[in-house]
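Here's the structure, in structure tokens; my notes come after.
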Amino acid sequence: MLSANTEMILLYWEIGVSILQKQKQEGWGQNVINRLSKDLKDSFPDMKGFSPRNLGYLKRFAEVY
């Protein structure tokens, strides 16, 4: 169980870092987070936590750590 939690936290951190990098490179705005949310939900329909609000939290998580 601990291993699964660790992997999930790493996934969330990597998504946040990816959002930050793309924003710096391409000037992504809030609209892109909405599109990314939809793409992730479509690609991983069984996973939860990819709402635009949660992606914003992942971005902040990556900024802090």
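The values are calculated or read from the model by the stated rules, or taken from the named source; none is laboratory data. On a predicted model such as this, the values are computed, not experimentally measured, just so you know. Quick reminder, even Gly has a Cβ in these numbers, built from the backbone with ideal geometry, and neighbours come from all protein chains shown. To get the accessible areas, we keep the full protein, side chains included, count just its heavy atoms, and leave off ligands, DNA and RNA. Shrake-Rupley method; radii C 1.70, N 1.55, O 1.52, S 1.80 Å.
Structural remarks
- Solvent-accessible surface of the chain, averaged per residue with a 1.4 angstrom probe and all protein chains in place: 76 square angstrom.
- Charge tally around Asn31: other residues with Cβ under 13 Å, Lys/Arg +1 each, Asp/Glu -1 each, net +1.
- Proximal lysines to Lys48, defined as alpha-carbon separation beneath 23 angstrom and excluding residues fewer than eight positions away on the same chain: Lys22, Lys38, Lys59
- For a straight C-alpha distance cut-off of 18 angstrom, the aspartates and glutamates reachable from Lys41 (same-chain residues fewer than eight places away being disregarded) are Glu14.
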